[in-house]
Structures are given as C-alpha cells and as structure tokens.
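Rule-based calculations on the coordinates, nothing more; no lab input. Quantities reported herein were computed from a predicted structural model and do not represent experimental measurements. No Cβ is skipped: glycine too gets one built from the backbone with ideal geometry, and neighbour counts run over all protein chains shown.
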Amino acid sequence: KNKKKNKKFKNKNSISSAAADVKTSSEQANGHVDGEENGDDANSGGGPGRGHTGEVMCCAVSTDGTTLVTGGEDRCLIVWDTETFQVKYRLHGHRGPVTCVAFRENTLTCFSGSADRTVRVWNLETGSYVESLYGHQAEVVSIDSLLQDRAVSSGYDKTCRMWKIAQQTQLLFKGAKSSIDMIRMIDDDRWVTASQDGSVALWSNKKKKPLFRKDNA
C-alpha cells in the first residue's frame with residue numbers, strides 16, 4: 001500500500017495563530033511574529049503573500065473557505081483570497097493591535113477584537129466597516145460567533161460579553177477570577193472559556209455567572 005506523505009512547512013519564527021478550512025481541510029494559514037503571512041495549499045504547494053508590518057496576532061477562515069482574515073500588531077485587518085493569496089482589502093480603524101477575529105458562520109461578516117477595548121463588525125464581501133461595539137474595560141483577547149447575528153467576546157477585564165447585533169444590545173457575564181484568554185461557542189446560547197488562572201468554565205446566556213467551573217484544568 002502506498003502511504004500518503006504529510007507535507008512539512010517550516011517557519012523561522014514562532015506561530016501565534018492558526019486557522020483551517022473545515023470543509024476541505026486543504027488549506028491552512030498561520031500567523032508569524034515577523035509580520036509575514038504564509039499560505040500553503042497542502043495539495044499543490046502555494047505562494048507567499050505579504051501585508052502586515054509587525055506581528056500577525058490572529059487569523060480566521062470563512063465557512064466556505066474562500067476568505068482569510070488576519071489581524072496584526074499594526075492595528076490593521078487584512079483580507080486575503082485563499083485561492084490566489086492576494087490581498088483583497090486592508091481594513092483600518094482599531095486604535096490598538098488586533099488581537100482576535102472570527103467569522104459569523106456561512107457569511108462574510110467578521111468580528112474583530114482589539115487592545116483598544118472595542119469589538120468591530122466588518123462586511124468582508126465589500127471590505128466595509130459596519131459598527132463598533134463598546135463595553136470591555138480592558139483588552140479584548142478572544143471572540144467567537146456561530147449562525148445567529150451575535151458574537152461572544154472575552155478579555156483582560158475578567159468578563160464575557162454577548163453582543164446581540166440586530167437588537168443592538170449586550171449581555172455582561174462576570175464570575176471569572178482572572179483574565180479570560182479564550183472563548184468558544186457551543187451553540188448560540190452556550191459557550192466555554194479558558195482563563196489565565198488555569199480554569200475552564202461553561203456559560204449560558206440565561207445566567208450571569210458560570211454554570212460550571214473546573215479549576216486547575
């Protein structure tokens with residue numbers, strides 16, 4: 001039997017974030033601290049693209065796998081075509097480094113979080129800014145979204161926030177003992193978080209404090 005060989009991709013700098021096309025698993029992108037974004041097609045090779053000046057801090061891929069967005073220390077979001085790895089748009093507006101990005105599922109709506117304490121909403125189909133969401137009292141470090149027109153974010157202020165975009169409202173959730181560095185949605189009403197104190201927690205939009213928390217996870 002022929003064994004399929006795995007391709008290895010070497011980087012001289014540390015990798016700060018990664019994302020994959022979950023439908024085909026054929027493309028991957030990784031962000032580097034040297035400000036270069038490399039795109040590698042696991043089927044046919046690929047070519048490099050350059051855009052950010054400084055550290056690339058986060059990246060996300062659209063559900064259909066056509067669009068990659070990266071956020072950087074340079075306060076900029078760059079939108080890439082994953083087929084050609086050409087830059088489609090450079091988006092400015094954040095006043096601090098862009099620390100996290102996420103797509104709303106099955107859309108080209110993108111949410112970005114920043115050290116400037118804001119969440120911004122973008123339309124990546126047109127490369128346009130939609131609105132800013134205010135509430136966090138410190139750096140926003142993680143964000144996620146699923147099907148509904150909403151997102152959840154977390155940050156150094158030890159809070160989670162659910163942003164209901166259509167209703168133009170936010171829900172505030174407290175109870176963490178330290179910075180919440182990662183947030184991921186289970187469904188449109190529940191999510192999990194990981195904190196700097198080593199704990200993980202389960203949350204619901206029906207309760208202001210965690211449903212469950214595991215210390216020393």
**Request:** Give the long-range amide H neighbours of V141: residues separated by 5 or more places, or on another chain, with amide H under 5 Å away, using H modelled in the peptide plane at 1.01 Å from N.
**Result:** S154, G155, Y156
**Prompt:** Under a point spin-label approximation (7 Å from Cα along Cα-to-Cβ), what is the D149-A217 distance to one decimal in nm?
**Reply:** 3.1
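Using the Cβ atoms and a cut-off under 12 Å, what net charge is assigned to the surroundings of V130, where Lys and Arg are +1 and Asp and Glu are -1? Present the calculation step by step, with values, prior to reporting the outcome.
Details: positive: R104, R120; negative: E125, E131, D149.
Residues near V130 contribute -1 overall.
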**Message:** Please compute the length gained on full extension between E105 and S178, using 0.36 nm multiplied by the number of residues separating them and subtracting their Cα-Cα distance.
**Reply:** 23.4 nm
**Asked** Using a simple spin-label model with points 7 Å from Cα along the Cα→Cβ vector, what separation in nm is obtained for K208 and Y89?
**Response** 3.7
**Request:** Give, rounded to the nearest 20 debye, the magnitude of the charge dipole that segment 147-217 has about its Cα centre when Lys and Arg contribute +1 at Cβ and Asp and Glu contribute -1 at Cβ.
**Result:** 300
**Item:** Distance (nanometres) between label positions extended 7 Å along Cα→Cβ at E131 and V192
**Value:** 3.1
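Tell me the net charge near P97. Cut-off is 10 Å between Cβ atoms, P97 excluded, with +1 for each Lys or Arg and -1 for each Asp or Glu. Don't jump to the answer; show the numbers that get you there.
Working: positive: R75, R95; negative: E55, E73, D74, D116, E139.
Residues close to P97 contribute a combined charge of -3.
Counting other beta carbons within 10 Å of each residue's own, what order do R213, R104 fall into, fewest first?
Values: R213 17, R104 21.
Sorted ascending by nearby Cβ count, the order is R213, R104.
What's the local net charge at D197, with K and R +1, D and E -1, over the other residues with C-beta under 12 Å away? Present the calculation step by step, with values, prior to reporting the outcome.
On the way: positive: K158, K177, R213, K214; negative: D181, D215.
Computed value for this residue: +2.
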**Message:** Along each principal axis of its Cα atoms, how long is segment 147-217 end to end? Whole angstroms, biggest number first, please.
**Reply:** 37, 21, 18
